[in-house]
Structures are given as C-alpha cells and as structure tokens.
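Take this structure first; my questions come after.
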Amino acid sequence: MTTSTKHGSKLHKYVVTKVSISDNPDLKGDWLNVFILLLLYTIQGLQLGLTTAIPILLQSNKNVSYQDQAVFSLVMWPYTLKLLWAPLVDAVYIKKIGRRKSWLIPVQFIMGSFFLYIANDINELLPETGKPNIEKLVCVFFVATFLVATQDIIVDGWALTMLKKNNVGYASMCNTTGLAIGSMIGSVWSTLLTSKDFCNKYVRTTPDTGGIVTMEQLLYVWGIMFMSITTLIAIFKKEKDCSLEENHVKLNTFQNYRLLWDICKLPSVQIFAMALLTVKVGFAATDSVSPLKLIDAGVSKDDMMIINTSMYVAKIILPLIIARHTSGPKPISLYLKATLIKLIWNIAFIMLIYYTPKLIKMNGVINIPTYYYVILIVILSIQEILNYTMFVALLAFYSRISDPRFGGTYMTLLNTLSNLGNAWATFTALGMVDLLTFKECSFNPKNDCSTLDLQNMCTIDGGDCVVTVNGYYIEMVLSTIFGIFWYGIFKNILKNLQTKCPSQWLVNYVKQPITKNSKNVFTITVT
C-alpha cells in the first residue's frame with residue numbers, strides 16, 4: 001500500500017528492507033554497557049517497587065476497600081499511556097548531548113527532586129492510623145510513574161544502540177534483573193525497615209518504637225542517589241552518534257507520529273497487539289487480588305514482604321539463567337510454555353486462599369504453622385518464576401523485532417500494548433471483587449450488607465456480615481477459562497509470528513533525493 005502527503009523540503013519514502021540479527025551473542029566489549037543498563041533499570045525499579053508496596057501498606061491499614069485499591073491501580077496508567085509521548089522523546093534532542101542523554105539527564109534529575117518532595121508529605125499520604133488520602137496519594141504517584149515511564153522510553157531506546165546488534169537480546173536480561181534489584185530495594189526497604197514489628201522481631205535486640213529508618217529518610221537518600229548517578233552518567237558516559245551510520249534517518253516529531261501509525265498498520269503488529277491486550281485476563285485475579293486476600297485472611301504484610309524478599313534472589317538470577325534461551329531465535333516458544341503452566345497454576349491459588357483461614361487460625365486466633373509458610377513460599381516462588389520467564393521472553397522478542405533507529409518509539413509501542421492489557425485487566429479484577437461478592441447479616445437474612453449503612457445496622461443488632469458467595473473464586477474460575485481459550489486461539493499464531501522474516505516487522509524511513517522542481521512529498525510503503 002502506498003500513500004503520499006506534502007511535508008518538509010525533501011522527498012521521503014518508507015520501504016521495507018531485510019534485516020537480520022546474529023544468533024550468536026558475544027558480550028566482549030559490551031560488559032560496561034550491560035552494567036550501565038542494569039544501573040538505569042535499577043533506578044527505574046526503585047520507584048516501581050515503592051509503588052507496588054503501597055497496596056500492601058494500604059490493605060494492612062484495614063481502612064481501605066477493594067474499590068480504593070482499584071483507584072490506586074490507576075497510578076500505573078502512565079506506563080500504558082507513554083506511547084503518546086514516546087515519538088516526541090525519539091524525535092526531539094540536542095545532538096551535542098546525545099539522543100538519549102538529552103532526555104535522560106533532566107528526567108532523572110526531576111525524578112530525584114520528586115523523591116525529595118514526596119519525603120516531605122509521606123506521613124500525610126500514608127498515616128499510621130486513620131484512612132489514607134487516596135485521591136492525593138493517586139495524584140502524587142501518578143506523576144512519579146509518569147516520570148519513570150518516560151525514563152523507560154529513553155532507556156529502552158538507548159539499549160538498542162548501546163549494545164551491539166548481536167547482543168540486543170541481553171537488553172531483556174538487563175531490564176528484568178535491574179527492575180528486580182530496584183523493586184526489591186523500593187518495596188522491601190520501604191515496608192520492612194520502617195516496620196516496628198519486623199525490626200523488633202528480626203533486627204533489634206531491644207524493642208523500640210518505629211522501624212530502624214523512616215520512610216522520609218529513605219526517600220531523601222533515594223532522591224540524592226538519583227541525582228548522583230545521573231551526574232556520573234552525564235559526565236562519563238558518551239553516547240554513540242548513530243547519525244554517522246549509513247542508514248540513519250532523523251525524523252521530526254510529526255514524522256515520528258506518522259511512523260508510529262504506520263507501524264501499527266503492519267499486519268504482524270496488529271495480530272501481536274490483540275494477543276498482548278488480552279493475555280493478562282487469564283491471570284488478573286491471581287496476580288492482583290490473591291496477595292490482598294492472603295492479608296485479609298490473616299497473613300501479615302511483614303510476612304508477605306519477607307517472602308517476597310527471598311524471591312528477589314530468584315528474580316535477579318533467573319534472567320541470567322534463561323538469557324541463553326531468550327536471546328535465541330524463538331523466545332515466544334518459551335513464553336507460551338510458561339503461559340500454559342501459569343494458567344494451570346491458578347488452581348493452586350484457589351486452593352491456597354480457600355484453606356488459608358483453616359490452616360492459620362486455631363479457635364479464632366492466628367497461629368501460622370511452619371508448614372504453611374513452606375506451602376506459601378513454594379506456590380509464590382513458582383508463580384514468580386513463571387512471571388519472569390514470560391516477561392524476559394517477551395522483552396527479548398521485542399528487542400529482536402524493533403528497529404534500533406526508532407527504538408524508543410517501537411519498544412514503547414510493544415511495551416504499551418502489554419501494559420495496557422495488564423492495566424485494564426488489573427483494574428477490572430480489583431473493581432469486580434466486591435461486586436461479585438454477596439453477603440448477608442447473620443441475624444437477618446434479608447439484610448444483604450450491600451451498603452455501609454446496612455453493614456452498620458447488622459453490627460448494631462449484634463450480628464456479622466457473613467460472605468455467602470466469594471467474588472474472588474468466581475473471578476478465578478472465569479479468568480482461567482478465558483485464559484485457556486486464549487491459549488488455544490493464539491498458540492500457533494504467535495509461533496508463526498516469531499518465524500517471520502524480520503522485515504515483516506519494519507517500516508524503514510529512507511530519504512530520497514529530489515530536484516529543485518520536485519514537489520515536497522514523502523511516500524509511505526507498508527507491506
């Protein structure tokens with residue numbers, strides 16, 4: 001298909017060319033670049049880890065509902081919407097500073113400044129007692145996620161040119177390992193080291209009030225660290241000048257958005273998009289609701305974070321182990337295997353949530369036996385291994401099919417599709433739990449406890465609101481059935497996509513010379 005439009009002073013043409021990526025990666029000469037990418041993704045993971053810890057802190061507060069949790073999940077939407085400004089990040093830069101450094105330096109300085117700002121208000125945002133200000137909390141962390149989403153666009157694009165072409169598969173390893181390290185620091189430290197119960201039990205010899213550090217102190221340290229790392233990269237890391245390459249093309253902002261539209265029209269991308277937008281439905285209840293249900297059942301937030309901490313070791317090491325499989329020509333095959341196993345693993349979570357109250361309570365008193373922790377760790381560990389296997393495999397596939405000249409835009413498009421699928425599935429899963437849950441007053445079956453007034457009326461009469469139908473189990477069954485249908489539909493489709501010629505994923509923007517009398521047009525050819 002060919003179209004043309006007037007723009008600029010040169011004739012431009014999109015043509016598809018054949019591009020190949022070596023299947024034999026060699027990190028000689030790229031080790032320093034791998035370390036820098038790990039560091040940048042760790043910075044990104046730090047803020048994301050803090051954001052993922054907030055729902056656990058809120059749920060342990062006992063003053064928030066699943067509707068509040070659904071509202072807070074909106075803070076991750078900048079990751080979904082970052083495609084709107086990714087072409088701008090790709091197109092606008094100062095050549096002397098570098099295409100990626102032009103954005104990375106100011107964005108990370110702002111991120112550091114924002115951590116310092118949050119530090120001043122954290123006690124108001126997350127009070128120890130009383131209901132948190134959900135609306136303000138969402139606004140603050142929405143801005144923070146917007147900044148880190150922009151940093152993600154920059155680093156994803158830089159990874160495709162910082163590493164040698166035959167090593168781009170290792171970008172996914174840097175991404176997942178760095179995010180795991182950063183998330184561990186951001187979530188674990190902010191939850192455990194600030195917890196009085198945890199510190200008195202595991203850290204201190206003499207009980208005391210509060211944790212060994214405050215959230216305010218951690219945020220100040222992280223803000224200063226952000227600025228220090230950014231300064232070192234600005235001074236010592238030189239960015240490769242891709243404009244010297246023979247096939248380099250510099251696009252303005254309008255052309256970058258037009259390029260994005262043309263990428264979206266590629267048949268391979270459209271099919272892949274449908275898969276990414278729907279795959280997370282099969283796991284939405286498991287990933288987003290199950291941890292909160294464990295806390296509701298009586299498992300403490302400190303215990304959950306200790307278990308999550310032990311899993312971060314696997315999160316850091318696992319990408320290194322499976323890198324040899326994901327850097328090869330068929331990462332989607334590994335992704336599909338992990339997807340099927342994860343769908344089956346939903347059954348383990350249904351059983352875990354159902355039996356948890358029976359296993360950890362004796363005569364109404366919570367007393368968690370050791371064997372329960374073993375069961376919990378095994379189930380959660382296998383879940384995390386499957387999550388990271390799927391994540392690394394997808395990122396490796398993204399790196400293989402993305403054009404490095406437009407890497408920020410292309411990688412962001414693919415990541416956005418995946419994040420959008422996760423965001424709407426998570427929001428729906430959290431929002432539907434209460435709607436699918438039915439209760440009635442133990443002393444008055446006509447009182448369905450559907451509103452706060454009815455719940456208070458039941459309590460005043462000396463009764464309790466007893467759950468008759470648990471919406472969590474309904475969601476788990478429906479999402480698992482959907483996931484099995486998804487697997488049956490997309491299994492062969494995705495396997496065929498990974499065997500396509502790389503040119504099927506590319507829309508190249510090639511300048512063509514014109515004469516003085518030529519009309520100012522550019523032509524787009526999509527195959």
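The values are calculated or read from the model by the stated rules, or taken from the named source; none is laboratory data. Every value quoted in this text rests on a predicted model; they were computed, and no experiment measured them. All Cβ positions, glycine included, derive from the backbone under ideal geometry; neighbour counts span all protein chains shown. When the accessible area is computed, the model is the full protein with side chains, heavy atoms only, and any ligands, DNA or RNA have been set aside. Shrake-Rupley method; radii C 1.70, N 1.55, O 1.52, S 1.80 Å.
At a 1.4 Å probe radius, which order do Asp403, Asp448, Asp461 fall into by accessible area, largest first? Show your work: numbers first, answer last.
Working: Asp403 10, Asp448 75, Asp461 105 Å².
Per-residue accessible area, sorted high to low, gives Asp461, Asp448, Asp403.
Would you tally the net charge around Asn422, using a Cβ to Cβ cut-off of less than 13 Å, leaving Asn422 out, and scoring K and R as +1, D and E as -1?
Details: positive: Lys280; negative: Asp287.
Cβ neighbours under 13 Å give a net charge of 0.
Can you send over the solvent-accessible area of Val469, 1.4 Å probe, protein chains only, in Å² to the nearest 10?
It works out to around 60 Å².
Sticking with this structure for a sec: State the Cα centre-to-centre distance between segment 102-146 and segment 197-238 in whole Å.
What the calculation gives is 16 Å, centre to centre.
How large is the charge dipole for segment 424-464, taken about the Cα centre, if only the Cβ atoms of Lys, Arg (+1) and Asp, Glu (-1) carry charge, to the nearest 20 debye?
Details: 2 positive and 6 negative charges, 20 e Å.
So the dipole magnitude of segment 424-464 works out to roughly 100 debye.
Expressed as a whole percentage, what fraction of the accessible surface of segment 328-438 belongs to carbon and sulfur atoms when a 1.4 Å probe is rolled over the protein heavy atoms?
Accessible surface attributable to carbon and sulfur in segment 328-438 totals 72 percent.
Then there's this: Gap in Å between the Cα centre of segment 382-443 and the Cα centre of segment 30-72?
14
Glu384 accessible area, nearest 10 Å², 1.4 Å probe?
50
Give the accessible area for Glu216 in Å² (nearest 10); use a 1.4 Å probe, count only protein heavy atoms, and leave out ligands, DNA and RNA.
Result for Glu216: roughly 70 Å² accessible.
Measure up Lys337/Lys491; Lys131/Lys361; Lys165/Lys330; Lys101/Lys238 against 19 Å on the Cα-Cα distance and list the ones that go over. Write down the numbers at each step before the final one.
Values: Lys337/Lys491 10 Å; Lys131/Lys361 27 Å; Lys165/Lys330 17 Å; Lys101/Lys238 9 Å.
Checking Cα-Cα distances, Lys131/Lys361 exceed 19 Å.
Is segment 402-458 best put as rounded, prolate or oblate by its Cα gyration tensor, with a ≥ b ≥ c the root eigenvalues, rounded for a/c under 1.5, and otherwise prolate when a/b is larger than b/c, oblate when not? Write out the running numbers ahead of the final one.
Working: a/c = 10.45, a/b = 5.90, b/c = 1.77.
It comes out prolate by the Cα gyration axes.
List, in order, the whole-Hz ³J(HN,Hα) value for each residue of segment 280-286 obtained from phi through the Karplus relation with A = 6.51, B = -1.76, C = 1.60 and θ = phi - 60°; use x for Gly and Pro.
6, 4, x, 10, 4, 5, 4
Where a ≥ b ≥ c are the square roots of the eigenvalues of the C-alpha gyration tensor, would you call segment 168-225 rounded, which needs a/c under 1.5, or, failing that, prolate if a/b is larger than b/c, or oblate? Intermediate values should be presented prior to the final figure.
Numbers: a/c = 4.70, a/b = 2.25, b/c = 2.09.
Since a/c reaches 1.5 and a/b is larger than b/c, the shape of segment 168-225 is classed as prolate.
Pairs Lys196/Lys439; Lys82/Lys500; Lys164/Lys500: which are spaced more than 31 Å apart, C-alpha to C-alpha? Don't jump to the answer; show the numbers that get you there.
Details: Lys196/Lys439 35 Å; Lys82/Lys500 28 Å; Lys164/Lys500 22 Å.
Where the Cα-Cα span goes over 31 Å, the pairs concerned are Lys196/Lys439.
Can you find, among Leu126, Asn167, Thr177, the residue sitting farthest towards the positive end of the charge dipole of segment 126-193, where Lys and Arg contribute +1 and Asp and Glu -1 at Cβ?
The residue sitting farthest along the positive end of the dipole is Asn167.
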